[in-house]
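In what follows, a structure is listed as structure tokens, so that the remarks can point back to it.
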Amino acid sequence: QDLDDVEELQEEETGEETKIKACQLTLQMMQNPQILAALQERLDGLVETPTGYIESLLRVVKRRVNTLKNLQVSRIETKFYEEVHNLERKYAVLYQPLLDKRFEIINAIDEPTEEECEWKSDKEDEISEELEEKAKIEDEKKDEEKEDPKGILEFWLTVFKNVDLFSDMVQQHDEPILKHLKDTKVKLSAAGQPMSFVLEFHFEPNDYFTNEVLTNTYRKRSEPDDFDPFSFDGPEIMGCTECQTDWKKGKDKQQKNKGRGTVRTVTNTVSSDSFFNFFAPPEVPENFKIGHFLHECIIPRSVSYLTGEAIEVDDDVYDEEGEEADELFKKLR
């Protein structure tokens, strides 16, 4: 009996050692990035693996499933998005006076009143009246020392440079040109027309090109594709029509000759990085994302990008997959 007890104790100890070794091995494996990647790939594959349920159904039941699929892709969803577009058009008209006012202040056409200039920030209550008065006096001294600038200089140039998605697009040789950018607008397609929108960039007369307005027109699909209806989850951009930039002689694309310090004009066969490549884009999803971002975020909320208040939020949204924002412009080159 004593011998049996000893053998049983040894087996328990051996089993315990095996468990410890197995745990150590598992821990080592989980710390190996290659093994983790392979495991994740395997799990992803399992998630996407069909269960075989549909294949096992009788023909009469499959017919009922087809009926449910037809119900799911009904045109009611298309009507819904058409109504959303009409609602967007309605509110675009209501917003227009505010955007006109923004244009006038930026370009020194209108000077806001003292009341309009008051901004009630959340932190205002935390500042004592004495400190507030002192800050006001300091600001007034600075204003007296410098000539009063008109409007808000370099407004749109600063907006674009503040956003990662556009900062790579804006090259040094683009900056003098973008200083002439007076306004950006979104024009929605009219009622009854195919869904689309136009981005308009309005420039003051300048030494670089003759265009007063540069545009990109984005065509949208507002209904499911007949061949792939279940991929539809709302209107998406399907194409873009660019405009031609009428560069003045010698101003189309300039590069610095590093050897002699002179400027030479590059022929059209050379692809030069420039913000203005945006107006002659390839038909790729990356350009569509930039157009969508301008339409939905930058143009309606431009002052938040000027001050930097909107940038952190958008960076979190658009950089979820690593350095996606940096890659967008690289693909457009």
Packing-based ranking, highest mean first, of 87-99, 229-241, 149-161 given that Cβ atoms within 10 Å are counted: 149-161, 229-241, 87-99
Area accessible to solvent at residue 251, 1.4 Å probe radius, in Å²: 70 Å²
Cα→Cβ-extended label distance, 7 Å offset, between residue 117 and residue 148, nm: 0.8 nm
Theoretical FRET efficiency, 1/(1+(r/R0)^6), r = Cβ-Cβ of residue 303 and residue 83, R0 25 Å, to 0.05: 0.25
Neighbourhood charge, 13 Å Cβ-Cβ cut-off, centred on residue 111 and excluding it, Lys, Arg +1 and Asp, Glu -1: -4
Solvent accessible area, Å² - residue 303, 1.4 Å probe, full protein context: 80 Å²
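The values are calculated or read from the model by the stated rules, or taken from the named source; none is laboratory data. Keep in mind that what you see is a predicted model, and the values were worked out from it rather than measured. FYI the Cβ positions are ideal-geometry reconstructions off the backbone, even for glycines, and counts take in every protein chain you see. Surface accessibility is based on the protein's heavy atoms, side chains included, excluding ligands, DNA and RNA. Shrake-Rupley method; radii C 1.70, N 1.55, O 1.52, S 1.80 Å.
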